[in-house]
Amino acid sequence: MSKALTSFALVAVLTALLMALSLAVARHGYPYGVTGVKRLDGIADAGSFLPLAAVYFFSALLMMILPIRAAGVVLTNAADAIFWATIVLFATIVGGLVARWAFGQSGVLWALLNWRFLFVAAIVGCHVTMNELRRNVLLRSLFFVIFAAATLACLFWSFAA
């Protein structure tokens, strides 16, 4: 968990620095700054966590029913990668918003209250507790159903804002 927090902090700081550079260049009237801001804002959407959550919950569902060796392959090659992608994407969003806030756009931090960011918490929470879920047969059966429902909800429910 400490590695995840360190990675989150580093990516957020690097993104904040790049966003600050782009905002400063744009403030001086250069069009390149606007391009940089648009590129960093292009990935700053809470809705981008829905497909990540669907794939993560499907891989978690598979880990609940597969034998330990196959579940390890799914964990290593799918769930871990999605976990880190979620950390990086969320850190990028936070870093961009913090840089905007530092440049005087005081209302941008309210964007972090979007309920779709709960998918980030769900992915991180599941990833942290995955070992406990696999150890207990009752929890494994229960979370198989929960992960199936979460996968289908992330894929097919509109989640309109």
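The values are calculated or read from the model by the stated rules, or taken from the named source; none is laboratory data. Note that the coordinates shown come from a computational prediction; the quantities given were computed from them, not determined experimentally. Cβ coordinates were reconstructed from backbone atoms using ideal geometry, including for glycine residues, and neighbour counts include every protein chain displayed. What goes into the accessible areas is simple: the full protein's heavy atoms, side chains included, and nothing from ligands, DNA or RNA. Shrake-Rupley method; radii C 1.70, N 1.55, O 1.52, S 1.80 Å.
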Legend entry - Max mean-square fluctuation residue, GNM over the chain, Cα-Cα springs under 10 Å, options THR86, THR15, THR129: THR129
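Expressed as a rounded percentage, what relative contact order does the chain have, with Cα pairs under 8 Å and six or more residues apart? Numbers along the way, then the final one.
Details: 171 pairs, mean separation 54.6, N = 161.
34 percent.
Could you work out the helix-only [θ] at 222 nm for the chain, with each DSSP H run of four or more residues adding -39,500 (n - 2.57) and the total divided by the number of residues, to the nearest 500 deg cm²/dmol? Working shown, then result.
Details: 7 runs with 122 residues, N = 161.
Counting only the DSSP helices, I get -25500 deg cm²/dmol.
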Inset, instruction - Go through LEU17, PRO51, LEU112 and say which Cα lies farthest out towards the positive end of the charge dipole of the range 1-117; charges sit on Cβ, +1 for Lys and Arg, -1 for Asp and Glu. - result: LEU17
Inset, instruction - Could you run the Debye sum over the Cα atoms of the range 1-136, one equal point scatterer each and no solvent, and tell me log10 of I(q)/I(0) at q = 0.21 Å⁻¹, two decimals? - result: -1.18
Legend entry - Cα coordinate range in the range 72-148, projected on the principal axes (Å, largest first): 52, 23, 18
Inset, instruction - Go ahead and collect, in residue order, the members of the range 1-22 whose backbone nitrogen is under 17 Å from a label point 7 Å along the Cα-Cβ direction of LYS38. - result: 19, 22
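What helices does the chain hold that run 27 Å or longer along their axis, going by alpha-carbon atoms, with a Kyte-Doolittle average of 1.6 or more, using DSSP H for the helix calls?
Details: long enough: 2-27 (37 Å, 1.70); 80-102 (33 Å, 1.58); 137-156 (28 Å, 2.34).
Taking the DSSP H segments of the chain (at least 27 Å long, mean hydropathy at least 1.6), we get 2-27, 137-156.
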Legend entry - Potential lengthening between ARG116 and PHE159 on full extension [0.36 nm per residue; Cα-Cα distance subtracted]: 14.6 nm
Inset, instruction - Roll a 1.4 angstrom probe over the protein heavy atoms and tell me the percent of accessible area of the range 50-161 that is carbon or sulfur. - result: 74
Legend entry - Simple label model, 7 Å out from Cα along Cβ direction - HIS28 to ALA102, nm: 1.7
Legend entry - Accessible area of the range 6-161 divided out per residue, in Å², using a probe of 1.4 angstrom: 57
